[in-house]
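The values are calculated or read from the model by the stated rules, or taken from the named source; none is laboratory data. Quick caveat: nothing in here was measured; it's all calculated off a predicted structure. Because the Cβ atoms are built from the backbone with ideal geometry, glycine has one as well, and the counts that use them run over all protein chains shown. These area figures cover heavy atoms from the full protein model, side chains too; ligands, DNA and RNA do not enter into them. Shrake-Rupley method; radii C 1.70, N 1.55, O 1.52, S 1.80 Å.
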Amino acid sequence: FELLRVATRYLKRGLVLCLASAAPAMVKIHADFTVETTPTKPIEGQKPGTSGIRKKTKVFMEGTYLANFVQSVFNTLQEENVPVQGGTLVVSGDGRFWNPEAIQIIIKMAFAAGVARVWCGTNGLLSTPATSAVIRMRGGKGYEPFGGFICSASHNPGGIDDDFGIKYNCENGGPAPEKLTNKMLEWTAKITELKSCSKLPDFDLSKPELYELPGGKFVEIFDCVADHLAVLKNCFDFEGIKKLIAHPQFSMTYDSMCGVQGPYALRVFETELGAPPGTCKNATSQPD
């Protein structure tokens, strides 16, 4: 049923031409969903803004820094009656160092919080506007997820000796408002325990896949570009831009600087708009 639901969603939106390419493969996983509770203590310096938290990567990697913040977000959402239980959550990032490991931690904690479906972009990638597009547009009628975590430090440099970040976007695709971030901060100062389905395996994020787990739970890895591309096509005259790019007196280049925009630039400019191969420079996302 879940596979049919996903396939129908793709076909309705006209993103693919055939069922074989539309629906990701279904993989059944027999996993242990035991929720493990571990004690923790508050960690200073976890005040989120609209851009979330940004710290040195090694700070996030140390101890329970990431887990403390993620648990505080879930505690806040449950306290505010956000439909976490049985809901859908988006989890992805900008591809910087430690992005894949952070995503796996968040997925395990999400299921411990009662989430039923986790959506993740291929290779763990979703830019901030793409995450907003997924929250607002993806699903049968859109607005299916109750929110999403974005592992990003925006323009800050990435790498083990540089920066990492995380932020939470709400059900409207926008950043969490101050009212919510203030409650998250309150929870970071009084948190006493962490909950995680730590016995779950790590999920392969490298290709579209639909993982079916026990108890009607799912992890869906989907094309990280498709939803954002669909929004762009609704906003801009692609045919007009395509004619401009094809004009013999027009030339351009787009430098993604090895950031998260690489896959989007390649698909939009070289595939959809017909720009010559090589127009997009440094279009492979790098951890540093």
Filtering region 223-251 down to residues that are over 24 Å from T128 (Cα atoms) and in contact with a helix residue (DSSP H, G or I) (Cβ under 7 Å, 6 or more places away or on another chain) yields F250
Note on region 186-239: residues aromatic (F, W, Y), assigned to a strand (DSSP E or B) and in contact with an Asp or Glu (Cβ under 7 Å, 6 or more places away or on another chain) are F218
Are any residues in region 30-45 at pLDDT below 95 and surrounded by 15 or more Cβ atoms within 10 Å (Cβ to Cβ), and if so, which ones?
A31
Across region 138-152, what is the number of residues that are open to solvent by less than 10 Å² (accessible area, probe 1.4 Å) and of a type in the set (D, E)?
0
So C170 fits all but one of (1) within 27 Å of D288 (Cα to Cα); (2) within 13 Å of the chain's Cα centre (by Cα); what number is the exception?
(1)
The one condition in (1) of a type in the set (A, V, I, L, M); (2) more than 18 Å from L126 (Cβ to Cβ); (3) open to solvent by less than 60 Å² (accessible area, probe 1.4 Å) that V260 fails to fulfil:
(2)
Residue among V73, V91, V84, V59 that is open to solvent by 20 Å² or more (accessible area, probe 1.4 Å) and hydrophobic (A, V, I, L, M, F, W, C)
V59
W119 fails exactly one of (1) in a strand (DSSP E or B); (2) open to solvent by 30 Å² or more (accessible area, probe 1.4 Å); (3) among the aromatic types (F, W, Y), namely (2)
Looking at D223, D237, D227 in this structure, which one is open to solvent by less than 20 Å² (accessible area, probe 1.4 Å) and either among the small types (G, A, S) or out of contact with any strand residue (DSSP E or B) (no Cβ under 6 Å at 6 or more places or on another chain) (or both)?
D227
Residue list for region 163-206, filter: more than 22 Å from T88 (Cβ to Cβ) and open to solvent by 60 Å² or more (accessible area, probe 1.4 Å):
E178, K179, N182, E186, A189, K190, T192, E193, K199
Kindly indicate whether I160 is crowded, with 21+ Cβ neighbours inside 10 Å and of a type in the set (V, I, T).
no
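Can you tell me which residues in region 207-220 are on the phi < 0 side of the Ramachandran plot and either open to solvent by 30 Å² or more (accessible area, probe 1.4 Å) or touching a Cys at 6+ places or on another chain (Cβ under 8 Å) (or both)?
If we filter region 207-220 for residues that are on the phi < 0 side of the Ramachandran plot, which is where we start, we get 207-214, 217-220.
The answer is K207, P208, E212, P214, K217, V219, E220.
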